[in-house]
1. Can you name every residue in the stretch 62-80 that is more than 14 Å from the chain's Cα centre (by Cα) and closer than 18 Å to T4 by Cβ?
2. Scan the stretch 69-88 for residues that are surrounded by 15 or more Cβ atoms within 10 Å (Cβ to Cβ) and of a type outside the set (F, W, Y) and jot them down.
3. Of V158, V127, which residue is of a type outside the set (D, E, K, R), more than 25 Å from D204 (Cβ to Cβ), in contact with a helix residue (DSSP H, G or I) (Cβ under 8 Å, 6 or more places away or on another chain) and not assigned by the TED database to the domain that holds P23?
4. Could you list, in sequence order, the residues of the stretch 40-94 that are closer than 22 Å to K22 by Cβ, part of a helix (DSSP H, G or I) and of a type in the set (D, E)?
5. If E147 satisfies every condition in (1) open to solvent by 70 Å² or more (accessible area, probe 1.4 Å); (2) within 24 Å of D241 (Cα to Cα) but one, which is the exception?
6. Being buried (at least 20 other Cβ atoms within 10 Å of the Cβ) and within 19 Å of V158 (Cα to Cα) is the filter here, so list the residues in the stretch 39-55 that pass it.
7. Among the listed residues T240, T225, T181, which satisfies the condition of being over 22 Å from I65 (Cβ atoms), in contact with an Asp or Glu (Cβ under 9 Å, 6 or more places away or on another chain) and in a helix (DSSP H, G or I)?
8. How many residues, within the stretch 1-19, are in contact with a Leu (Cβ under 8 Å, 6 or more places away or on another chain), farther than 14 Å from K57 by Cα and open to solvent by less than 60 Å² (accessible area, probe 1.4 Å)?
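The values are calculated or read from the model by the stated rules, or taken from the named source; none is laboratory data. Note that the coordinates shown come from a computational prediction; the quantities given were computed from them, not determined experimentally. Note that we place each Cβ from the backbone using ideal geometry, even for glycine, and neighbour counts take in every protein chain shown. Note: accessible area is taken over every heavy atom of the protein model, side chains too, but ligands, DNA and RNA are not part of it. Shrake-Rupley method; radii C 1.70, N 1.55, O 1.52, S 1.80 Å.
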Amino acid sequence: MDLTILDSVEDLVKRVEEETGKPVLWVQAPGMNSMVEIKPAGKEDKGHIFYISEFFKDPEGQHLIACKCYQILRMFREEAEKRLIPSSGKEHFNNARMRLALDAEGRPDLSRALNEDEIVRAWIYGVVNQLISQPADIYIQKAIFEEIPELEEPRRIVLERQFLDFMAAQKEEVRIYSPKTIYDASLIMNSVYLNLLDKLAGTDFLSRTGVLPQSRKIARLLKATLEITSDSPESDRQITDLWADFLSIRDWYEWISPDSEEIVSGL
């Protein structure tokens, strides 16, 4: 396939191949929602598959390839038998739905929305994806900031877009029409995430937010998160579980072996 990547990103791809002992295989994948997706190599796989969408564009695509490379590098720091992945299946979905039903008491509009599977899935899996992705992404953005200056501009573009989405999600109309559990979880996790990016990855988002709702809870969760300082997949999982316990949504997912026959996920 016809794909040109920056020299620094190509060096990172070579590092993935050298450190994992598996080649990177590029596959054109029309119809994907995102520009880049990956399938890290298992024991029996020939290589790590990088799926590239027809919507791939620079410079954001370069940044995304780098993020996926760091994701694989971090994953392969652990011995294969210790690696775990998140799974969120029917039982977890039902747990979440019951929690949202409590938010809907006395709210006919939310009660009606809970009958729409597409809406409920967007709420639940949006929060779960945030929960399992942000702890690792903090250290991935830190690595790009420190190790690949060539990607500073695309990194800034991507993170700025995330920040604008965060600010839009704080609007009153979003709060009014969202279940409290969903709104509060997203707000608190995003706020801790931005705090950590500012502390570790050279950003300055908090200077632009003003006073955020739930500031005491944000401060408490940030303090607890900073006590888990190891840059590792195990620490990522610890932070995810810490956040989930703090937000009372720990039964919305579980950690399982990548080789488990029970893998079911809406993620």
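1. Q62, H63, I65, A66, C69
2. Initial filter on the stretch 69-88 (surrounded by 15 or more Cβ atoms within 10 Å (Cβ to Cβ)): 69-76, 83-88.
Residues satisfying the conditions are C69, Q71, I72, L73, R74, M75, R83, L84, I85, P86, S87, S88.
3. Numbers: V158 fails: more than 25 Å from D204 (Cβ to Cβ).
Every option except V127 fails the conditions.
4. Correct list: E81 only.
5. Exception for E147: condition (2).
6. I52
7. Values: T240 fails: in contact with an Asp or Glu (Cβ under 9 Å, 6 or more places away or on another chain); T225 fails: in contact with an Asp or Glu (Cβ under 9 Å, 6 or more places away or on another chain).
Just a single option satisfies the conditions, and that option is T181.
8. Start the filter on the stretch 1-19 by keeping residues that are in contact with a Leu (Cβ under 8 Å, 6 or more places away or on another chain), which leaves 6, 8-9, 15-16, 19.
Those left that are additionally farther than 14 Å from K57 by Cα: 8-9, 15-16, 19.
Right, trim to open to solvent by less than 60 Å² (accessible area, probe 1.4 Å) and you get 8-9, 16.
Here the count works out to 3.
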